[in-house]
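What follows is a single structure, written as structure tokens, with notes after it.
The values are calculated or read from the model by the stated rules, or taken from the named source; none is laboratory data. The shown structure was predicted, so the numbers you read here are calculated from the model rather than taken from an experiment. Neighbour counts are summed over all protein chains in view; Cβ atoms, including those assigned to glycine, are modelled from backbone coordinates with ideal geometry. Accessible surface areas use protein heavy atoms only, side chains included; no ligands, DNA or RNA. Shrake-Rupley method; radii C 1.70, N 1.55, O 1.52, S 1.80 Å.
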Amino acid sequence: MKLVELAQRTDSTIEIGSPDLDIISTAGLDIADTGDISFLANPKYTPQIAETKATAIFLNEGVAIDRNDIAVLRAKDAYVAYTLAMRFFFPDPEIKPFIHPTAVIDPTATVASDVEIHANAVIGAKCSIAGGVRIMPNVTIYDGVSVGEKTTIHSGASVRENCEIGARCIIHNNSTIGSDGFGYAKTEEKHWLKIPQTGRVVLEDDVEIGANTAIDRASVGETRIKRGAKIDNLVQIGHSCTIDEDALICSQTGLAGSSVIGKRVILTGQVGIAGHLKVGDDAVLTAKSATSHDVEPGKIMSGIPAFENRDWLRSTAAFRKLGEMAQRLRKLEKRVFGDES
Amino acid sequence: MKLVELAQRTDSTIEIGSPDLDIISTAGLDIADTGDISFLANPKYTPQIAETKATAIFLNEGVAIDRNDIAVLRAKDAYVAYTLAMRFFFPDPEIKPFIHPTAVIDPTATVASDVEIHANAVIGAKCSIAGGVRIMPNVTIYDGVSVGEKTTIHSGASVRENCEIGARCIIHNNSTIGSDGFGYAKTEEKHWLKIPQTGRVVLEDDVEIGANTAIDRASVGETRIKRGAKIDNLVQIGHSCTIDEDALICSQTGLAGSSVIGKRVILTGQVGIAGHLKVGDDAVLTAKSATSHDVEPGKIMSGIPAFENRDWLRSTAAFRKLGEMAQRLRKLEKRVFGDES
Amino acid sequence: MKLVELAQRTDSTIEIGSPDLDIISTAGLDIADTGDISFLANPKYTPQIAETKATAIFLNEGVAIDRNDIAVLRAKDAYVAYTLAMRFFFPDPEIKPFIHPTAVIDPTATVASDVEIHANAVIGAKCSIAGGVRIMPNVTIYDGVSVGEKTTIHSGASVRENCEIGARCIIHNNSTIGSDGFGYAKTEEKHWLKIPQTGRVVLEDDVEIGANTAIDRASVGETRIKRGAKIDNLVQIGHSCTIDEDALICSQTGLAGSSVIGKRVILTGQVGIAGHLKVGDDAVLTAKSATSHDVEPGKIMSGIPAFENRDWLRSTAAFRKLGEMAQRLRKLEKRVFGDES
């Protein structure tokens, strides 16, 4: 690909270099070779620029470099531009429409013609599978599910009855969409009486679900993952939660039931969110924290239970010396109170 | 269904309303419509009673309401009565006996006639599948497994060799029952030598296992989940554990090997239980706590490591100001000791 | 098996007992019966020796017993010797080569003759399956995967495109090897733009992966699990991590991307490791701890964030009384400062 075409595709402008330069792939500064385009987003990697063999580089506005033997594409956001280049050089494989003879598709299901349905996939009654969908081997789609166009469902995943999957979603391997919520009433004999889980799960468009993640159906109504939200591996989403647009939920985080996660919220790894609460837009919970209260928009929260990250940093610093603090307190008491107590 | 029949089925009594009133479904107070029966269990929802369009309502004994245009069913426990009503209006689907032609059943397996074996399920040698069982697509049952009557195993689940599943169990999607315990001996060369895991897992009757949960077989003997215990999604049960009757284990909780969880114990979300310990009957561990010691019956424990919840609440409140406490301590020391130190 | 042969196989020597004694199985001291060999490794079980019905026992050097009616095999490490005996009496089942007619194997795959390929397994294009491999039902192997000799892949597991699995590995049920790393660039509109994950996962020889574990492929290059590392159930390994030889990673632990875990490191249950850091050889993180910094070789670390275990034990002991400490501090301030503040 010519440099000029790459600039157009990545919304960047050529600052140094011939428009006709051939770019053949992408690579990080340290491993790039002739023909590669690279990028600098984090200033800590600036020293690698002196050594890189890359033919071209994306740079943020205002960032200067010392070399003039590398083509420079100037971008508003070098990392986004580089990602767009990667997506060009490493595109998703094209759909090669086929339905494997071992796939089991209920005759009442509606399946578009340009889909891949791989070996031993099972699709239930009254399902609707849109164009460009790829269903990998050993996937199970229960009755009444709809899958939007260009969605990929990886092997071993299960989508339970009546769930709705949007367009351009990716569901990774062995994930479960629509398992029963964990709801019981306690009887007089102290047994657990299962509450029917009659709802469903809706994934809107452009949602990605990692591997081995479980998203429970609502007891009544919907568990809803909104447009553009991204969920990592081994995440638990309890019944009746709502995950708003562009939220990012990292691995092994868990949400109890009926919580609402705002737009662009970031829940980092191994976070816990109790039931029936609201995390405001753009809030962040740092790794391993947990909240049983609402979180205001934009806050960065840490700890178990979580409070403001700034305060938590001070508290955890002091905690390392808490044993010593306890000793110092006893010493003070002895001096001040003597034998009084 | 007539109100009088519903009262009988839910062990409640008609206080207001005609026995002939038709009830057609269940719904929460806020979304109920004509024909629905609703309930009030938590006093905080009392204001919704003024607005609800429900035709009937379950009320606990002693709870009064201001309206006389709603039928009232009086119950010992309104939530249990409502759950019974939900179970009536939203019953599990009836078994429609069939064995899908793509299911692979070893000829030495014993399979009752009134079962559903769905597409691409695989059942090993010498298995025993009782009446009313439903095995969904892409389930794998290894050799020597028995499955009790009316149990449902959802798609993608695996039950390993020689495990025993009781009656009326539900195993959700992609869960693993009977994987090897994590046991190794360290050799002189500091390699890990795998210890054979020769035991099995037993689920007694009325056990429910969530999605993507892993229950390891015992190294010797049994890992046993007793009658009525309920286990959520993404839970880890290590080898040789015993989970006693009616215990409730919430999502992403993990148990190392050989621990014993008492009757009606509640382990909430993301709890950790070390190996070889005992959690007494009716104890509760709050979310994200962990214990490496035995827990006495009935205790509520929190923290890492866990101690009594009442004390933990005080400690965590103080922890938020620990940075400030450290400063105040230094100020006191300066005043009291001056330049001594 | 004669005692003399067992001694040879377990690198131990007969101290008491006839070389011709028949040993028929292994069992713990408390449940052993005539014909069993048992072991004593942990001194706390010494009292069981008086009661055991075992015919023979492995003892560490220097450990004496009071009975002379039990055969004694003296070993450098009684637990390793006992494990070797267990492995002899409970061997892995022999391979009985077959390819089930419902398995779907791409014609371009290379499959050795002495393999077990069970029902409904799916093997993609250009895969290479070595001798002695066992692929259980409903496994999915994507295109371009190689599986080394004598490896077992359990039902429901998925191995994604181009991954490489070494010899004598065990992958337990429903695990995912090679799902996409969790990587996005944030666009100007604050949407998440997926970064192509072009790398792969390599499991070297003798690696064991638990059930329902997810190991992400590298964005570029490799996620690599080195020779002899053992990974438990429900573990998350992020993209581009390296797990060095003989590391042990317990259940529900999670690693963000690009971290390097040293040789023989032990990450116990529910540990969290942030991205781009290094845990030195032989370090240990105790249960539920988390680090966002490098860990020096050999250290034992605890807490969130983790610091040295010895200090953490003192801090957590003081933490139990932190509410009381806060009160005592106020009392001191009142006495020392009076009404000043």
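A few comments on the model shown:
- For A:Ala130: the one exception among (1) among the aliphatic types (A, V, I, L, M); (2) without any contact (Cβ under 8 Å) to a residue 24 or more places away in the chain; (3) in contact with a Ser or Thr (Cβ under 9 Å, 6 or more places away or on another chain); (4) under 28 Å from A:Gly199 (Cα atoms): (2)
- Leading residue by the ranking (farthest from B:Ala103 (Cα to Cα)) among those in segment C:100-116 that are more than 14 Å from chain A (Cβ to nearest Cβ) and hydrophobic (A, V, I, L, M, F, W, C): C:Ala112
- Here A:Asp282 clears all of (1) closer than 23 Å to A:Ala211 by Cβ; (2) in contact with a Pro (Cβ under 9 Å, 6 or more places away or on another chain); (3) among the acidic types (Asp, Glu) except the condition numbered (1).
- Checking each residue in segment C:236-249 for being within 14 Å of chain B (Cβ to nearest Cβ) and either open to solvent by less than 10 Å² (accessible area, probe 1.4 Å) or closer than 21 Å to C:Asn173 by Cβ (or both) picks out C:Gln236, C:Ile243, C:Asp246, C:Ala247, C:Leu248, C:Ile249.
- Annotation: of all residues in segment A:287-300 being of a type outside the set (D, E, K, R), within 14 Å of chain C (Cβ to nearest Cβ) and closer than 24 Å to C:Gly254 by Cβ, the one that is nearest to the chain's Cα centre (by Cα) is A:Ala287.
- Enumeration of residues in segment A:187-209 that are in a loop (DSSP other than H, G, I, E, B) and within 11 Å of chain B (Cβ to nearest Cβ): A:Thr187, A:Glu188, A:Glu189, A:Lys190, A:His191, A:Ile195, A:Pro196, A:Gln197, A:Thr198, A:Gly199
- Scan of segment A:170-186 for residues that are in a strand (DSSP E or B) and buried (at least 24 other Cβ atoms within 10 Å of the Cβ), ordered by number: A:Ile171, A:Thr176, A:Ile177, A:Gly178, A:Ser179
- Tally of residues being at the interface with chain C (Cβ under 10 Å from one of its Cβ atoms), within 20 Å of C:Gln327 (Cβ to Cβ) and not small (Gly, Ala, Ser) across segment B:301-321: 10
- Every pair of residues 6+ apart whose Cβ atoms lie under 6 Å, when the first sits in segment A:95-108 and is among the small types (Gly, Ala, Ser) while the second is open to solvent by less than 70 Å² (accessible area, probe 1.4 Å): A:Ala103/A:Ile117; A:Ala103/A:Ala121
- Residues in segment B:48-97 that are out of contact with any strand residue (DSSP E or B) (no Cβ under 8 Å at 6 or more places or on another chain) and farther than 29 Å from A:His191 by Cβ: B:Ala50, B:Glu51, B:Ala64, B:Asp66, B:Arg67, B:Asp69.
- Any strands (runs of 3 or more DSSP E) falling wholly within segment A:1-97 and containing at least 3 residues that are closer than 22 Å to C:Ser219 by Cα: A:36-40, A:56-60
- Within segment B:32-56, residues that are within 14 Å of B:Tyr79 (Cα to Cα) and in contact (Cβ under 8 Å) with a residue 24 or more places away in the chain sit with their Cβ atoms under 6 Å from residues that are assigned to a strand (DSSP E or B) and among the aromatic types (Phe, Trp, Tyr), at 6+ positions apart or across chains, in these pairs: B:Phe39/B:Phe58.
- Considering residues of segment B:117-129 that are more than 24 Å from C:Val104 (Cα to Cα) and open to solvent by less than 30 Å² (accessible area, probe 1.4 Å) only, the residue nearest to the other protein chains (Cβ to nearest Cβ): B:Cys127
- Checking each residue in segment A:46-89 for being closer than 18 Å to A:Met1 by Cβ and open to solvent by 60 Å² or more (accessible area, probe 1.4 Å) picks out A:Arg87, A:Phe88.
- Residue within segment B:163-178 that is within 10 Å of another protein chain (Cβ to nearest Cβ), touching a residue at least 24 places away in the same chain (Cβ under 8 Å), aliphatic (A, V, I, L, M) and under 15 Å from B:Thr198 (Cα atoms) present: yes
- Residues that are open to solvent by 90 Å² or more (accessible area, probe 1.4 Å), in a loop (DSSP other than H, G, I, E, B) and more than 25 Å from A:Leu313 (Cα to Cα) within segment B:298-341 comprise B:Asp339, B:Glu340, B:Ser341, listed in sequence order.
- Qualifying residue in segment C:250-270 (condition: within 14 Å of chain B (Cβ to nearest Cβ) and more than 15 Å from the chain's Cα centre (by Cα)): no
- Residue that is surrounded by the most Cβ atoms within 10 Å (Cβ to Cβ), among those in segment A:216-235 that are in a loop (DSSP other than H, G, I, E, B) and charged (D, E, K, R): A:Asp232
- First in segment C:78-90 and facing another protein chain (nearest Cβ under 8 Å), second anywhere and surrounded by fewer than 18 Cβ atoms within 10 Å (Cβ to Cβ) and in a helix (DSSP H, G or I), Cβ under 7 Å, 6 or more apart: C:Leu84/C:Arg9
- Test result for A:Asn212, facing chain B (nearest Cβ under 9 Å) and either surrounded by 23 or more Cβ atoms within 10 Å (Cβ to Cβ) or part of a strand (DSSP E or B) (or both): yes
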